Amino acid sequence: MEKTWRWFGKKDPITLAMLRQIGVEGIVTALHDVPNGEVWTSEAIMDLKQYIEDGGLRWSVVESLPVSESIKYAGPDRDQLIENYKISLKNLGQAGVKTVCYNFMPVIDWIRTDLEHMLPDGTSTLYFNKIRFAYFDCKILNREGAEADYSAEVLNAVKELDKTITQAEKEELINTIIVKTQGFVNGNIKEGDQQPVAIFKRLLALYNGIDKNALRQNMKYFLEKVIPVAEEYGVNLCVHPDDPPFAVLGLPRIVTSHEDIEWFLKAVDNVHNGLTFCAGSLSAGLHNDVPALAKKFASRIHFVHLRSTEATPDGNFMESSHLNGRANLLEVIRTLEKANPELPMRVDHGKLMLDDVDKNYNPGYSFLGRMYALAQVSGMMAAVQDEIKKGQI
Ligand code: DNO
């Protein structure tokens, strides 16, 4: 597979020159300064592409070309926004940037409750704690009907937490769930926004009455319009699975499981309608057998995120080493390396370690932690390539 790296553009403190030194071949990035919903012009695309090529690398994947909320909840301006999306896709295809990742998660992208969960070895990682998340839902958002989504045991723990949690901890929880993890991924809320909880509640309200089926229909509507353009310009669109892969905050999530993936692939049965195989996101759902999913959907996978998690039946999960955890990356690599040796892959979410700690990197996107993971994954890839060469697999 092609070794790529998520780079946040010209302002990223991790430079292209640094990436060349650690064996990165391709860049995964986006026009982060273009507001969500606006057209990505050919000029802006070519400018960034040239910058990457001048740095000795290539622009392999777009992550992400964001899908506006209004497309997801079928707002009055969705057709106009879809038209803009089509123009951006055409411009990307014409510029030769042919793999485009997006997601279809309403309101909130990936979710964690702790961005610096300490591990016994002194490094830290990302963590999702169900009780803290339920606390945010029931006691901070005060979402109507939220209690019905949690077990009596979790609600009890929330009550206990309420007795001890400090104001600072509450603010940190808000910051973590809806600000720090969201702003840099072109999310709805950015650092510095006043009253994030109020903004968030307004966004949630847009989805009143939208259930899983309605969201599926809106995704199908979107795909029916954009896939012909992707096909015409040779672009592979690939949706990122929902992270975590289950419904949250009363919002439906529709890319969570074998059945969901099968559904959207069939909804518009065209090879340009594909999947970003985020092994980490899928692994956080106990219902998912990650290597089996890779096998089943290999022909429609256009981009791979290699990471893994440890998930427990109480609903918590934590990023694990890239060598361990539920994702079983070695098996995933065996399948995907065989299916398509050109497939772009990137390591996802590194630990915070050594000199990473005071650098203020985007959560999950440390330099040394990801470099360490890339070394582990590169080792597995080399071993698998050898197995293939010897005809052992
Ligand atoms: C988080 C990322 C996601 C991902 C988007 C793709 O670290 O994996 O934010 O980029 O969901 O659209």
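The values are calculated or read from the model by the stated rules, or taken from the named source; none is laboratory data. All of these numbers come straight from a predicted model, not from anything done at the bench. Ideal geometry is used to build each Cβ from the backbone, glycine not excepted, and the neighbour counts take in all protein chains shown. For the accessible areas, the whole protein counts, side chains as well, though only heavy atoms, and no ligand, DNA or RNA atoms are used. Shrake-Rupley method; radii C 1.70, N 1.55, O 1.52, S 1.80 Å.
The set of residues from the stretch 291-309 being buried (at least 24 other Cβ atoms within 10 Å of the Cβ), out of contact with any Phe, Trp or Tyr (no Cβ under 8 Å at 6 or more places or on another chain) and free of Cβ contacts under 8 Å to residues at least 60 places away in the same chain comprises just one member, S308.
The set of residues in the stretch 17-38 being farther than 19 Å from F184 by Cα and not basic (K, R) consists of A17, M18, L19, Q21, I22, G23, V24, E25, G26.
Quickly run through the stretch 103-123 and pick out the residues that are outside any loop (DSSP other than H, G, I, E, B) and surrounded by fewer than 20 Cβ atoms within 10 Å (Cβ to Cβ). D114, L115, E116, H117, M118 - these are the residues of the stretch 103-123 that are outside any loop (DSSP other than H, G, I, E, B) and surrounded by fewer than 20 Cβ atoms within 10 Å (Cβ to Cβ).
May I ask you to list the residues in the stretch 331-361 that are touching a Ser or Thr at 6+ places or on another chain (Cβ under 9 Å), within 16 Å of the ligand (Cβ to nearest atom) and open to solvent by 30 Å² or more (accessible area, probe 1.4 Å)? Within the stretch 331-361, K351, L352 meet the criteria.
For the stretch 165-203, the set of residues classified as away from the ligand (no atom under 16 Å from the Cβ) and among the charged types (D, E, K, R) consists of E169, K170, E171, E172, D193, K201, R202, listed by residue number. Considering each residue of the stretch 197-206 in turn, none proves to be at positive phi, modelled with pLDDT of 95 or more and over 24 Å from the mean Cα position of the chain (by Cα). The numbered conditions (1) touching a Gly at 6+ places or on another chain (Cβ under 9 Å); (2) under 26 Å from Q385 (Cβ atoms); (3) surrounded by 22 or more Cβ atoms within 10 Å (Cβ to Cβ); (4) of a type outside the set (S, T, N, Q) are all true for W7 except (1).
Just a yes or no: is a residue in the stretch 258-268 open to solvent by less than 20 Å² (accessible area, probe 1.4 Å), in a helix (DSSP H, G or I) and of a type in the set (D, E, K, R)? Yes, because at least one residue in the stretch 258-268 is open to solvent by less than 20 Å² (accessible area, probe 1.4 Å), in a helix (DSSP H, G or I) and of a type in the set (D, E, K, R). Would you check if there is a residue in the stretch 30-40 being open to solvent by less than 50 Å² (accessible area, probe 1.4 Å), touching a strand residue (DSSP E or B) at 6+ places or on another chain (Cβ under 7 Å) and in the same structural domain as R6 (by TED's automatic domain parsing)? The answer is yes, given that some residue of the stretch 30-40 is open to solvent by less than 50 Å² (accessible area, probe 1.4 Å), touching a strand residue (DSSP E or B) at 6+ places or on another chain (Cβ under 7 Å) and in the same structural domain as R6 (by TED's automatic domain parsing). Being in the same structural domain as F222 (by TED's automatic domain parsing) and in contact (Cβ under 8 Å) with a residue 24 or more places away in the chain is a property that holds for V62. A single member of N273, N208, N236, N213 is open to solvent by 30 Å² or more (accessible area, probe 1.4 Å) and within 16 Å of the ligand (Cβ to nearest atom), and it is N236.
Suppose the filter is touching a Leu at 6+ places or on another chain (Cβ under 9 Å) and either part of a helix (DSSP H, G or I) or within 22 Å of N103 (Cα to Cα) (or both); does G23 pass it? For G23, the condition - touching a Leu at 6+ places or on another chain (Cβ under 9 Å) and either part of a helix (DSSP H, G or I) or within 22 Å of N103 (Cα to Cα) (or both) - is not met. Looking only at the stretch 60-94, residues that are within 16 Å of the ligand (Cβ to nearest atom) and either over 15 Å from F104 (Cα atoms) or open to solvent by 80 Å² or more (accessible area, probe 1.4 Å) (or both) come to 6 in all.
Could you list all residues from the stretch 310-325 that are within 16 Å of the ligand (Cβ to nearest atom) and open to solvent by 40 Å² or more (accessible area, probe 1.4 Å)? Answer for the stretch 310-325, where residues must be within 16 Å of the ligand (Cβ to nearest atom) and open to solvent by 40 Å² or more (accessible area, probe 1.4 Å): just M318.
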